[in-house]
Amino acid sequence: MIEPHCTVLPNGVRLLVGHAPHAGTCSVAVFVRWGSVNESARTNGIGHVLEHMAFKGTAVEGGGGRRVRDARQVNLEAERLGAEVNAHTDKDHTAYYMRGLPQHVGQMLQMLTEIVLHPSLPAAELERERQVLLQEFAEDEDDPVSTAFKLFDKASFGLHPAAQPVMGTRRNLERFTRDDLVAHRAAGYLAGQMVVGAVGAVWPDPMLREAERAFAAMPAGAVAAVAEPVWRGDVLTRALPGSSQSHLVLGFPVPPRRADDPVASVAAALLGEGMSSPLLDRVREQRGLAYYTACSADVLDMCGQFVVEASTAPDDAVPLVREVMALLREQAAAAAPADLERARQQLTVRALRAQERGLRWLEDGALEWMATGRLRPEAERSARLQAVGAEEVRAFFDGLLHHEPALALTGSVARGMRDRLRHALEAPVT
């Protein structure tokens with residue numbers, strides 16, 4: 001088991017080290033509570049651009065001189081250690097990380113510190129990277145599944161920033177300047193917004209001291225939490241040329257990560273995790289209404305979604321929605337004890353697998369700490385999961401059905417499908 005060690009610097013930076021002496025590699029990461037929900041419509045997508053640009057060069061003042069590295073040097077220094085360096089942007093955070101050998105943990109922390117705290121953001125590199133980002137945007141626009149999820153967010157949250165795509169808009173990507181990036185970074189890359197972490201065969205005390213030296217000089221401060229959105233509950237469709245299949249996302253509101261409530265995860269695993277689950281057994285195995293379907297509880301700091309997704313033949317979209325709604329009503333009447341036990345066991349195994357994947361453990365811990373103000377011991381987390389009972393799950397499903405569902409359908413979409421889907425959401429299966 002990974003042994004966590006936590007501390008908070010006077011300026012607000014949180015440090016997390018997971019001691020895992022059995023691990024052959026280690027990971028170092030910086031998590032910033034600053035994502036697309038912190039962007040206006042005019043700046044939507046800028047965090048993703050900033051994440052890309054952080055690797056395009058660094059400039060560090062100190063020691064009587066100025067050390068400057070270009071994009072190739074940034075990557076070369078990591079790769080000479082055999083380390084992987086990468087990042088991702090999400091709706092409620094941005095993550096920068098490196099994975100390599102435990103003996104190089106200090107060097108990886110130093111390199112990551114410079115990438116996060118001292119990016120040079122060269123204007124010439126921005127113009128080149130803009131073309132890469134626009135190509136990435138075009139590829140995402142052509143993806144029916146990605147389009148379905150973006151449409152689903154709008155059906156869920158309307159104009160709230162939680163509905164904004166992480167990648168932003170084409171118009172914004174074409175317009176952002178270096179000054180825009182500098183201003184956005186200054187507004188959110190604050191000490192109170194950050195968790196710095198390491199996990200693997202590393203000793204906690206030396207690692208915590210190294211992280212303190214690297215981040216103690218950061219300006220203090222934090223950004224106000226984003227307000228929870230009002231659930232919209234709409235049905236949206238978008239036909240995509242060339243698509244022969246339909247991609248559907250259906251969901252309801254659930255408590256946010258800050259609520260620290262495992263019931264939604266248990267319910268999602270009960271309904272749709274594994275081939276024996278009610279969702280896959282009924283929809284795929286018995287009725288053949290979808291070649292892919294899954295269920296999840298997707299939570300952010302300020303909101304959450306209970307999600308059923310499926311890829312299906314266009315003619316099966318309406319029967320599929322009727323069947324999913326019937327399954328939800330059945331669970332709201334009674335949760336089968338065997339399914340509940342299966343779900344709890346699956347989530348227990350998932351948590352143990354995260355212990356074997358250091359970076360996953362580190363990110364889960366960082367997000368929990370940022371959202372709830374604490375990092376729960378694994379025993380407490382497991383006990384809470386096992387305590388979720390059948391009546392709690394039944395009441396959860398019943399609560400879902402008191403909200404208007406949000407639904408998105410993309411790909412091959414026939415005329416009049418939006419009205420047919422609305423009717424399918426309302427009418428019980430006969």
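The values are calculated or read from the model by the stated rules, or taken from the named source; none is laboratory data. Everything quoted here is computed from the prediction, not taken from an experiment. Ideal geometry is used to build each Cβ from the backbone, glycine not excepted, and the neighbour counts take in all protein chains shown.
Does region 109-119 contain at least one residue that is free of Cβ contacts under 8 Å to residues at least 60 places away in the same chain, farther than 27 Å from Leu16 by Cα and assigned to a helix (DSSP H, G or I)? No, region 109-119 has no match at all.
Tell me, which residue of region 27-50 that is in a loop (DSSP other than H, G, I, E, B) and small (Gly, Ala, Ser) is surrounded by the fewest Cβ atoms within 10 Å (Cβ to Cβ)? Outline the logic, then answer.
Just the residues of region 27-50 that are in a loop (DSSP other than H, G, I, E, B), to begin with: 33-35, 39-45.
When the remaining residues are screened for being small (Gly, Ala, Ser), the result is 35, 40-41, 45.
Values: Gly35: 25, Ser40: 9, Ala41: 11, Gly45: 24.
Among residues in region 27-50 that are in a loop (DSSP other than H, G, I, E, B) and small (Gly, Ala, Ser), the one surrounded by the fewest Cβ atoms within 10 Å (Cβ to Cβ) is Ser40.
When you scan region 246-264, do you find a residue that is part of a helix (DSSP H, G or I), touching a Ser or Thr at 6+ places or on another chain (Cβ under 7 Å), touching a residue at least 60 places away in the same chain (Cβ under 8 Å) and buried (at least 18 other Cβ atoms within 10 Å of the Cβ), even just one? Yes; the residues of region 246-264 include at least one that is part of a helix (DSSP H, G or I), touching a Ser or Thr at 6+ places or on another chain (Cβ under 7 Å), touching a residue at least 60 places away in the same chain (Cβ under 8 Å) and buried (at least 18 other Cβ atoms within 10 Å of the Cβ). The condition (being under 25 Å from the mean Cα position of the chain (by Cα), without any contact (Cβ under 8 Å) to a residue 24 or more places away in the chain and more than 30 Å from Arg422 (Cα to Cα)) is satisfied by just one residue among Ala186, Ala198, Ala222: Ala186. Please tell me if Arg67 is within 28 Å of Leu101 (Cα to Cα) and part of a helix (DSSP H, G or I). Spelling it out, it is not the case that Arg67 is within 28 Å of Leu101 (Cα to Cα) and part of a helix (DSSP H, G or I). Among residues of region 130-156 that are outside the structural domain of Val308 (by TED's automatic domain parsing) and closer than 20 Å to Ala41 by Cα, none has a Cβ under 7 angstrom from a residue that is modelled with pLDDT under 95 and crowded, with 21+ Cβ neighbours inside 10 Å at a sequence gap of 6+ or on a separate chain.
Yes or no, residue by residue, for (1) in a helix (DSSP H, G or I); (2) surrounded by fewer than 17 Cβ atoms within 10 Å (Cβ to Cβ):
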residue: Ala326; (1), (2): yes, yes
residue: Leu340; (1), (2): yes, no
residue: Glu363; (1), (2): yes, no
residue: Leu367; (1), (2): yes, no
residue: Arg384; (1), (2): yes, yes
residue: Phe396; (1), (2): yes, no
residue: His403; (1), (2): no, yes
residue: Leu409; (1), (2): no, no
residue: Arg415; (1), (2): no, yes
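Filtered by the rule that a residue be buried (at least 20 other Cβ atoms within 10 Å of the Cβ) and not hydrophobic (A, V, I, L, M, F, W, C), region 229-244 gives Pro229, Thr237.
Are any of the residues in region 276-287 part of a helix (DSSP H, G or I) and buried (at least 23 other Cβ atoms within 10 Å of the Cβ)?
Step one: list which residues in region 276-287 are part of a helix (DSSP H, G or I), which gives 278-286.
From what is left, the residues that are buried (at least 23 other Cβ atoms within 10 Å of the Cβ) are 279, 283.
Yes, region 276-287 contains at least one residue that is part of a helix (DSSP H, G or I) and buried (at least 23 other Cβ atoms within 10 Å of the Cβ).
Would you say Leu151 is in contact with a strand residue (DSSP E or B) (Cβ under 9 Å, 6 or more places away or on another chain), surrounded by 20 or more Cβ atoms within 10 Å (Cβ to Cβ) and of a type outside the set (Phe, Trp, Tyr)?
Values: in contact with a strand residue (DSSP E or B) (Cβ under 9 Å, 6 or more places away or on another chain): yes; surrounded by 20 or more Cβ atoms within 10 Å (Cβ to Cβ): yes; of a type outside the set (Phe, Trp, Tyr): yes.
Against the criterion (in contact with a strand residue (DSSP E or B) (Cβ under 9 Å, 6 or more places away or on another chain), surrounded by 20 or more Cβ atoms within 10 Å (Cβ to Cβ) and of a type outside the set (Phe, Trp, Tyr)), Leu151 qualifies.
Would you confirm whether or not region 122-129 contains a residue that is of a type in the set (Asp, Glu), at pLDDT 95 or above and touching a Gly at 6+ places or on another chain (Cβ under 6 Å)? No, because not a single residue in region 122-129 is of a type in the set (Asp, Glu), at pLDDT 95 or above and touching a Gly at 6+ places or on another chain (Cβ under 6 Å).
So, in region 80-90, of the ones that are touching a strand residue (DSSP E or B) at 6+ places or on another chain (Cβ under 8 Å) and more than 17 Å from Leu50 (Cα to Cα), which residue ends up surrounded by the fewest Cβ atoms within 10 Å (Cβ to Cβ)? By that ranking, first place goes to Gly82. Every test in (1) surrounded by fewer than 22 Cβ atoms within 10 Å (Cβ to Cβ); (2) in a helix (DSSP H, G or I); (3) at pLDDT 95 or above; (4) of a type outside the set (Val, Ile, Thr) is passed by Asn75 save one, and that test is (3). When region 369-380 is limited to residues that are surrounded by fewer than 16 Cβ atoms within 10 Å (Cβ to Cβ) and within 20 Å of the chain's Cα centre (by Cα), the one that is farthest from Val17 (Cα to Cα) turns out to be Thr372.
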